[in-house]
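Structure first, then comments.
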Amino acid sequence: MEALSLPINTLTKSSAKHIPLAANSNYASLSSLQFNPSFTTTPHTLRKSLLRVQAQSEDYELKQMRDMAAARKRWEALIRDGKVKVLTPREAGYAVQLSSKPLLDVRPSNEHKKAWVRASTWIPIFDVDNKLDFGTIPTKVTNFVMGGWWSGMPTLSYDSQFLAKVEEKFPKDSELIVACQKGLRSLAACELLYNAGYKNLFWVQGGFEAAEEEDLIVEGPVPLKFAGIGGVSEFLGFTEQQRAAAAKEGWGYRLVFSARLIGVFLVADALYIGAQQIGRYLQDIKTH
């Protein structure tokens, strides 16, 4: 099975108990950090805080690896035992278009709004966490620092109503095709659904990113392969999807991103030179 990855996120304790451990495995929490508005920061205390955050990040990564290994074993067993059947994106497209099989899209809203499969049903297992409070700010900061700025992936949270929403739409004897962008969240969804009594499940291997243009009837402002990219990597054209498109489109496509990269360097140089000039100006004021 191919390597799978989830963006960094968090789940509340109350919702985590409703989902398999694997779906919760890549979700970091800095709830142990205490924020005191009256706290006075010194170099020593700042260094201790940074070391504590680094240690927690290392513990998180170790837990993430262990939980993901356990999750992959469970998911491989589901597929190996035939409890969840595997479809390629093209086979899923045939099933949807020719047999009217229901396709359940479990991607978060930031991906779904960019592109979606016609006639699919969208019920996200994780969705964008828009809450902004002392409980979520540390998680959002961690998500940004640990790659969110580059990938553009926001902080996500588990929807505790996911199963209820699916049960409202589909009876448990439905032949249900489950898909996401890369294949990981849909596997977590398949495990949830199977344990809830759905026995006719089909998993789209590799997710929508593995689909070719002719495999599925797609709607939305961007190609389906591009729905999961964002951030600085998308802006500069550094994602695998954009490199593949550049190989097909030629130099015209590459020049757009080359111009953006040059622009970033020019802006960085201008800011650096400006900071130097301001520093000299302040130094002159201080000396006079």
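The values are calculated or read from the model by the stated rules, or taken from the named source; none is laboratory data. It should be emphasised that the depicted structure is a prediction, and the values quoted were computed from it without experimental measurement. A quick note on method: Cβ atoms are made from the backbone with ideal geometry, for glycine too, and the neighbour counts reach across all protein chains shown.
Taking into account only those residues within the range 66-106 that are among the hydroxyl-bearing types (Ser, Thr, Tyr) and in a loop (DSSP other than H, G, I, E, B), which is farthest from the chain's Cα centre (by Cα)?
My answer is 100.
Go through (1) β-branched (Val, Ile, Thr); (2) in contact with a Leu (Cβ under 7 Å, 6 or more places away or on another chain); (3) farther than 24 Å from residue 70 by Cβ for residue 145 and report which single condition fails.
(2)
Quickly run through the range 189-214 and pick out the residues that are assigned to a helix (DSSP H, G or I), small (Gly, Ala, Ser) and farther than 16 Å from residue 126 by Cα.
Quick first cut of the range 189-214, residues assigned to a helix (DSSP H, G or I) only: 189-195, 208-210.
Narrowing further to those that are small (Gly, Ala, Ser): 189, 210.
Answer for the range 189-214, where residues must be assigned to a helix (DSSP H, G or I), small (Gly, Ala, Ser) and farther than 16 Å from residue 126 by Cα: just 210.
Which members of the range 271-288 meet the condition of being within 29 Å of residue 146 (Cβ to Cβ) and either in contact with a helix residue (DSSP H, G or I) (Cβ under 9 Å, 6 or more places away or on another chain) or aliphatic (A, V, I, L, M) (or both)?
Passing the criteria: 271, 275.
Filtering the range 66-116 down to residues that are of a type in the set (Val, Ile, Thr) and out of contact with any helix residue (DSSP H, G or I) (no Cβ under 8 Å at 6 or more places or on another chain), which residue is nearest to residue 184 (Cα to Cα)?
Among those residues, the one meeting the criterion is 79.
Against the condition hydrophobic (A, V, I, L, M, F, W, C), within 26 Å of the chain's Cα centre (by Cα), surrounded by fewer than 19 Cβ atoms within 10 Å (Cβ to Cβ) and at pLDDT below 80, how does residue 259 come out, does it pass? Give the steps one after another, and end with the answer.
Values: hydrophobic (A, V, I, L, M, F, W, C): yes; within 26 Å of the chain's Cα centre (by Cα): no; surrounded by fewer than 19 Cβ atoms within 10 Å (Cβ to Cβ): yes; at pLDDT below 80: yes.
Here the answer is no, as residue 259 does not meet what is asked.
Residues are listed down the side, and each one gets a yes or a no for (1) in contact with an Asp or Glu (Cβ under 6 Å, 6 or more places away or on another chain); (2) in a helix (DSSP H, G or I); (3) within 28 Å of residue 208 (Cβ to Cβ); (4) touching a residue at least 12 places away in the same chain (Cβ under 8 Å):
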site	(1), (2), (3), (4)
221	no, no, yes, yes
225	yes, yes, yes, yes
228	yes, no, yes, yes
243	no, yes, yes, no
248	no, yes, yes, no
262	no, yes, no, no
272	no, yes, no, no
277	no, yes, no, no
281	no, yes, no, no
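Could you go through the range 111-134 and let me know if any residue there is of a type outside the set (Val, Ile, Thr) and in a helix (DSSP H, G or I). Break it down stepwise before answering.
First pass over the range 111-134, keeping only residues of a type outside the set (Val, Ile, Thr): 111-116, 118-120, 122, 124, 126-127, 129-134.
If we keep only those that are in a helix (DSSP H, G or I) as well, we get 111-112.
The answer is yes, given that some residue of the range 111-134 is of a type outside the set (Val, Ile, Thr) and in a helix (DSSP H, G or I).
Restricting attention to the range 129-146, and to residues there that are out of contact with any Phe, Trp or Tyr (no Cβ under 9 Å at 6 or more places or on another chain) and surrounded by fewer than 15 Cβ atoms within 10 Å (Cβ to Cβ), which single residue is nearest to residue 169 (Cα to Cα)?
This residue is 130.
Which count do you get for residues in the range 137-178 that are of a type outside the set (D, E, K, R) and assigned to a loop (DSSP other than H, G, I, E, B)?
Residues that pass the stated criteria total 9.
Is it fair to say residue 243 is surrounded by 12 or more Cβ atoms within 10 Å (Cβ to Cβ) and over 20 Å from residue 114 (Cα atoms)? Give the derivation first.
Values: surrounded by 12 or more Cβ atoms within 10 Å (Cβ to Cβ): yes; over 20 Å from residue 114 (Cα atoms): no.
It is false that residue 243 is surrounded by 12 or more Cβ atoms within 10 Å (Cβ to Cβ) and over 20 Å from residue 114 (Cα atoms).
Here's the yes/no breakdown for (1) in contact (Cβ under 8 Å) with a residue 60 or more places away in the chain; (2) in contact with a Gly (Cβ under 9 Å, 6 or more places away or on another chain); (3) closer than 22 Å to residue 203 by Cα:
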position	(1), (2), (3)
107	yes, yes, yes
124	no, no, yes
139	yes, no, no
143	yes, no, no
160	yes, no, yes
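Suppose the filter is out of contact with any Lys or Arg (no Cβ under 8 Å at 6 or more places or on another chain) and outside any helix (DSSP H, G or I); does residue 186 pass it?
No: the conditions fail for residue 186.
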